[in-house]
Amino acid sequence: MAIAEITDKLLAAKKAKGVTFADLESAVGRDEVWIASVIYRQASASEEEAKKIVTALGLGPEYAEPLMECPLKGSLDQTIPTDPLIYRFYEIMQVYGMPIKAVVHEKFGDGIMSAIDFTLDVEKEEDPKGDRVKIVMSGKFLPYKKW
């Protein structure tokens, strides 16, 4: 996957300052996953949000402008991802996608879960057998219209 030049610069500044996405959440007042999606150019920020992000990263105001542009969303390569963490999500959808779809349709009817009216949280669950990643997705149900 090709990373946008602005993303490379923002991530380099984030690393150089030792700033976490959680730190950016505190500085911006938005969820850390949403902020990461702005940095990876999958979401756009308001002028105020963009300025807060670049200020927290110690960058000049010229870095805010690209964060306010409408991004090309879902711009991953069409090939199966090879990064192990991203691949696991691909694998989860291969194995559980149809079962999840069946359960959603059973509970809600014919429709989809919005990725626009949507939140996603990443949580760490302490476990003596090895810490666990907990991902909570919440999207508005959108029924298909009949016409």
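A short reminder: the numbers here are calculations on the coordinates, not readings from a lab. All values derive from a computational prediction rather than experimental measurement. Using ideal geometry, Cβ is built from the backbone for each residue, glycine included, and neighbour counts are taken over all protein chains shown.
Annotations for the structure displayed:
- Checking every one of the GluC sites (Glu not before Pro) in segment 1-91 against DSSP loop status and a limit of 15 other Cβ atoms within 10 Å picks out Glu69.
- With the simple spin-label model, which puts each label point 7 Å out from Cα in the Cβ direction, the Glu106 to Ser44 separation comes to 4.1 nm.
- Selection from Gly29, Leu10, Ala64 lying farthest towards where the dipole of segment 5-68 points positive, charges on Cβ: Leu10
- Karplus 3J(HN,Hα) series, Hz, for segment 122-133 with 6.51 cos²θ - 1.76 cosθ + 1.60 (x for Gly, Pro): 10, 10, 9, 10, 5, 8, x, 8, x, 4, 10, 8
- Folded to 0 to 90 degrees: helix 84-108 orientation relative to the chain principal axis, Cα: 50
- Virtual spin-label span in nm between Asp77 and Asp23, 7 Å along Cα→Cβ: 3.1
- Binned Cα-Cα distance frequencies in segment 84-143 - 10 Å width, integer %: 19, 41, 32, 8, 0
- Between Leu11 and Phe118, the C-beta separation translates, for a Förster distance of 25 Å, into a calculated FRET efficiency of about 0.60.
- Residue of Ala16, Ala43, Ala64 that the Gaussian network model of the chain assigns the largest fluctuation, springs spanning Cα pairs under 10 Å: Ala16
- Angle of helix 47-56 to the longest C-alpha principal axis of the chain, folded into 0 to 90 degrees and rounded to 10: 60°.
- Nearest 10 degrees, 0 to 90: helix 5-17 Cα axis against the chain principal axis: 70
- Loop-located trypsin sites (Lys or Arg not before Pro) in segment 72-135, at most 15 other Cβ atoms within 10 Å (DSSP): Lys73, Lys129
- Long-range HN-HN contacts of Gly111 with modeled amide H, under 5 Å: Tyr144
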